[in-house]
Amino acid sequence: MKPATLFAALALAATTHASETRSIPELARDAGVFKTLLTAVDAAGLAEALSGPGPFTVFAPTDDAFAALSEGTVASLLEPENRERLQAILKLHVVPASARAVDALTAGKVRTLAGASLEVRLVDGRLRVGDANVVKTDLAASNGVIHVIDAVLLPEPAPAGKEAALLVQAIDRGVPLFNAGQAEACAAVYEIACRAVIELGALPEPQARLLREALEHGGSASERAWALRRAMDRVLDTPEDTAMADDAFEPRMEAPLPEGFPGPGPVGRVVVKEYPRYRAAQAAGGMGAFWTLFNHIKRNEIAMTAPVEMAVTDMHGQFATTQMAFLYESTAQGETGKQGSVEVADLPPARVVSIGLRGPLGKDKLAAARKAVEERAAREGWVRHGGWRLMGYNIPMVPEADRFYELQLPVREPDQH
């Protein structure tokens with residue numbers, strides 16, 4: 001089905017009822033592009049469950065997505081003797097809760113009925129779940145929500161015991177080395193383990209590919225260690241160790257900085273940063289503004305950058321986000337002005353007092369960071385020249401303990417205006 005026809009069908013299915021009374025299967029049936037999925041749901045005996053009260057979130061592959069599978073795959077899965085495998089595949093597409101796209105992206109992962117977790121992330125400005133692109137979000141049903149995807153999600157077998165044991169042993173040896181400042185030794189341990197696991201030849205190809213790509217990662221010893229560790233964690237499907245010391249911590253960058261921007265960091269130290277003139281797309285509100293801005297840059301073909309800028313205000317001792325901004329890589333991109341609920345503006349150069357923060361942003365951490373920034377500004381004799389802002393560098397798929405932020409206060413000399 002052509003994209004224009006697909007989107008027209010989905011738009012019709014989503015807007016036919018102002019107050020949605022259709023269940024997920026009924027909504028999918030009315031859309032007309034999920035015939036294979038519905039046939040599979042019936043064959044797996046899951047139709048009644050998905051028509052129940054829920055709530056559910058379904059990542060729904062289109063008919064074209066099923067057609068892209070190897071020849072004979074769908075027919076084989078629909079055979080009665082393969083019912084359990086079909087159920088396992090379909091359950092990988094269902095979350096036993098209602099999760100809007102922005103909520104799933106914020107969480108970074110969703111846990112499915114199959115028991116496995118799916119990563120939800122942005123890749124080149126597109127929303128992805130697992131290895132599939134999300135082509136339409138938030139089709140509301142009476143018992144949950146549908147997100148349309150362009151590929152069928154298939155379970156990945158867990159690594160065999162020997163492979164898993166090698167990786168776990170490498171992590172156990174590597175983490176103390178990294179924390180002791182021996183990043184090169186840590187990277188070497190991880191590299192030996194990854195090569196050994198690949199050479200055993202029993203690892204499924206998607207997981208072997210993760211390790212091979214990590215082995216090709218360049219950069220410093222610390223960057224190579226992190227790349228290998230992330231790949232091993234994804235293969236093992238275990239959370240990353242959060243014990244790496246802050247003095248060895250290097251913020252991860254999933255997108256480029258705007259032109260002329262200073263790099264992120266350091267953690268826990270108050271520094272002064274100078275920012276050039278830059279272009280920003282701004283929207284009022286907290287995390288709800290994220291999706292507004294994401295749709296804006298997607299519609300205008302503007303690449304994602306890091307950081308995301310959040311204007312924050314102190315409310316009863318706790319910072320609250322009042323505005324969010326996506327920053328353009330260059331002031332030559334796009335046009336300034338009002339575009340719906342988004343305002344694109346060129347912001348003037350700024351000097352800020354900044355402190356890097358790693359991990360969850362609790363009330364006490366933010367209070368201590370604010371005090372440190374204010375004390376530095378006072379020592380320099382500077383006065384406040386704008387509101388507090390929080391710069392967020394990571395997408396939600398990054399483990400919370402390794403997310404990096406900067407709390408910043410714009411300042412100026414007393415005699416400047």
Completion exercise
If every Lys and Arg gets +1 and every Asp and Glu gets -1 at its Cβ, then about the Cα centre the chain yields a dipole, in debye to the nearest 20, of 780
Problem - segment 270-412 - convex hull of the alpha-carbon atoms, volume per residue in Å³ - result: 108
Practice task
Would you pull out the residues with amide H under 5 Å of residue 134's amide H, same chain only if 5 or more places away, H placed 1.01 Å from N?
Solution key: 127, 128, 129
Practice task
Any chance you could give the angle, 0 to 90 degrees and rounded to 10, that helix 205-215 forms with the longest Cα principal axis of the chain?
Solution key: 20
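Counting other C-beta atoms within 10 Å, and keeping those with at most 10, which DSSP coil GluC sites (Glu not before Pro) do you find in segment 139-239? Let's see the in-between values first.
Working: sites: 163, 184, 191, 199, 213, 216, 223; in loops: 216.
Passing both the DSSP loop test and the Cβ count: 216.
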Handout entry: Relative contact order (%) - criterion: Cα under 8 Å, at least six apart; region: the chain
Key = 13
Exercise for the section: Would you mind giving the average projected area, over all directions, of the Cα convex hull of segment 3-149 in nm² with one decimal? Expected result: 8.5
Handout entry: Answer label for mean projected area of the Cα convex hull in nm² (calculated), chosen among (i) 23.5; (ii) 37.2; (iii) 26.2
Key = (i)
Practice task
Give me the angle, in degrees from 0 to 90, between the Cα long axis of helix 161-179 and the longest principal axis of the Cα atoms of the chain, rounded to the nearest 10.
Solution key: 0
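Could you order the peptides 135-143, 260-268 from most to least packed, using the average number of other C-beta atoms within 10 Å per residue? Intermediate values should be presented prior to the final figure.
Numbers: 135-143: 19.6, 260-268: 16.6.
Sorting 135-143, 260-268 by mean packing, highest first, produces 135-143, 260-268.
Which pairs in the list 35/91; 273/363; 35/298; 273/371; 109/162 are over 21 Å apart, alpha-carbon to alpha-carbon? Can you show the working numbers first?
On the way: 35/91 17 Å; 273/363 24 Å; 35/298 29 Å; 273/371 18 Å; 109/162 27 Å.
273/363; 35/298; 109/162, as the Cα separations exceed 21 Å there.
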Practice task
Let me know the whole percent of all Cα-Cα pairs from segment 17-63 that are separated by more than 11 Å.
Solution key: 69
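Just so you know, all these numbers are worked out from the coordinates, no wet-lab data involved. Note that the structure is predicted; figures quoted are calculated from it, not measured. No Cβ is skipped: glycine too gets one built from the backbone with ideal geometry, and neighbour counts run over all protein chains shown.
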